[in-house]
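The values are calculated or read from the model by the stated rules, or taken from the named source; none is laboratory data. Please read these numbers as outputs of a predicted model, since none were measured by experiment. Here the Cβ positions follow ideal geometry from the backbone for every residue, glycine too, while neighbour counts run over all protein chains shown.
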There are 2 protein chains.
Amino acid sequence: MSESTARPRRRRSDRDPAHDDSPAPGRPARRQADGERRPQRARDPEARRRDLAAAALEVISESGLARTSHRAVAAKAGLPLGATTYYFPTLDDLIAAGLQLAAADLQSDFEVWAERLRTASDVPAAVAGLIVEYLTDRQRAQIECELYVAAARDPALRPLAMAWLTGMRDILEPHLGRDATRDVMALFDGVTLQALITGHDVDREALTATIRRLTTG
Amino acid sequence: MSESTARPRRRRSDRDPAHDDSPAPGRPARRQADGERRPQRARDPEARRRDLAAAALEVISESGLARTSHRAVAAKAGLPLGATTYYFPTLDDLIAAGLQLAAADLQSDFEVWAERLRTASDVPAAVAGLIVEYLTDRQRAQIECELYVAAARDPALRPLAMAWLTGMRDILEPHLGRDATRDVMALFDGVTLQALITGHDVDREALTATIRRLTTG
DNA sequence: TCTCAACTTGTACGGTCGTACTAGTACGAC
DNA sequence: GTCGTACTAGTACGACCGTACAAGTTGAGA
């Protein structure tokens, strides 16, 4: 991820071999005036990594990609600022971790969807149902859209956005065929976008009818 | 516009009656060390307002809403920073001005589109043609999408986004009817989004066929 | 028990930001 | 002319940012 969305951003210095253990000379970091240092938590690198990624995702969904910062994520996770840069050398890494988490969520959704379609007697109605359900979680839909738009500007985000798209395609194509899948996916994205802007719910029956039109060549 | 996209933002102080002419006490602004003050341009408030809005739009389309700042706009317009805040009290105002300009552009496009559809023998083909043409200017499409997503988060941007949508609807509805218009618009937005992500061009024939399916109930 | 690297925490630097403000200038009203 | 003010230009403040780093702590291995 070279520059995820839109933020002044400096690159980590070049020498950086992973985490640069060498003490290296520099100005001294003064101790707190006389305040107490918070007692140190038990070590648990895996959990911290997970917590930070989860907090990043929360911040992204609440405030948007562009407002996501180390400090916001650290605060959300209840961890010190330094923890974010220790585990995720750059902000882009942190954001990517959050988005990966979202992608994983979606992936598990996809499995449910695939199963639902396999057993559906009326495929267009089933697809419409999935879309309507998907749209009940606006914040998730918002993240997806934001990722899309950001990906259009930042090539580094494109693989992630494409994963979204191809995952969807792989589910629909066996049931709808290539062309209808393309059309239904575009419809899906458009409906999502409009639902986000207008705040209206989608009409399940109308959507079913539309999808049926697209799928019966 | 309360918080257009995603940026830490303070509000202009409350007293502010438009532009606050009272000199008001405060620290002195020191003169330049000994550098020369740039010769002052001729007065032309209208032109400056226009230039700033145009520069804002340029910055938005090049860098995205989130990276748009007073300084970037001022630099793009070749004007001092102070000019931006003189004419647009807050950054949100400046961004809004840029987007209004884009909206005006779109409006004039809409008129052309309406005319094209009035004289079209094959409406679905004509609509597909308009969409394909619209997508040749990726940067414009990008702005539209960015506005959409930002509007989903920021209510203040919603009217502008809605203007986009209703303008489109007013053009299509006389030819397609209410339901097909809804569907074609969703398809339009979805196709736009996907074109931006994938970078692929849309297939005009396929799009025509799809729209035809949506419009022949 | 001691060692030491991995980990935790707090702070610092240099930057950009929005916005407030001072100071200088052009130009219409008189 | 001269005056007043709308406009132009430049700078300052305080905030937040990404990132670098030092110092404290833990716990596994010798």
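Within the option set B:Arg71, B:Arg49, being away from DNA strand C (no atom under 13 Å from the Cβ), of a type outside the set (Gly, Ala, Ser) and at pLDDT 95 or above holds for one residue only, B:Arg49.
For the stretch B:66-98, the candidate set comprises residues that are away from chain A (no Cβ under 14 Å) and touching a residue at least 60 places away in the same chain (Cβ under 8 Å); within that set, the residue that is nearest to DNA strand D (Cβ to nearest atom) is B:Tyr86. Considering every residue within the stretch A:85-108, establish whether at least one is surrounded by 15 or more Cβ atoms within 10 Å (Cβ to Cβ), of a type in the set (Asp, Glu) and not in a helix (DSSP H, G or I). Checked against the condition, which is being surrounded by 15 or more Cβ atoms within 10 Å (Cβ to Cβ), of a type in the set (Asp, Glu) and not in a helix (DSSP H, G or I), the stretch A:85-108 yields no hits at all. Here B:Arg140, B:Arg169 are screened, and the one residue that is closer than 27 Å to B:Asp93 by Cβ and either more than 9 Å from chain A (Cβ to nearest Cβ) or of a type in the set (Asp, Glu) (or both) is B:Arg140.
Taking the stretch B:174-209 as the range and being away from chain A (no Cβ under 11 Å), out of contact with any Leu (no Cβ under 7 Å at 6 or more places or on another chain) and of a type in the set (S, T, N, Q) as the test, only B:Thr208 passes.
Restricting the stretch A:150-163 to residues that are of a type in the set (A, V, I, L, M, F, W, C) and out of contact with any Phe, Trp or Tyr (no Cβ under 8 Å at 6 or more places or on another chain), which is farthest from the other protein chains (Cβ to nearest Cβ)? Quick ask: steps written out before the conclusion?
The initial filter retains those residues of the stretch A:150-163 that are of a type in the set (A, V, I, L, M, F, W, C), namely A:150-152, A:156-157, A:160-163.
From the residues that got through so far, the ones that are out of contact with any Phe, Trp or Tyr (no Cβ under 8 Å at 6 or more places or on another chain) too are A:150-152, A:156-157, A:160, A:162-163.
Details: A:Ala150: 8, A:Ala151: 5, A:Ala152: 4, A:Ala156: 13, A:Leu157: 9, A:Leu160: 10, A:Met162: 7, A:Ala163: 11 Å.
Within the stretch A:150-163, the match that is farthest from the other protein chains (Cβ to nearest Cβ) is A:Ala156.
Of all residues in the stretch B:37-60, those being surrounded by 10 or more Cβ atoms within 10 Å (Cβ to Cβ) and either more than 8 Å from DNA strand D (Cβ to nearest atom) or among the β-branched types (Val, Ile, Thr) (or both) number 12.
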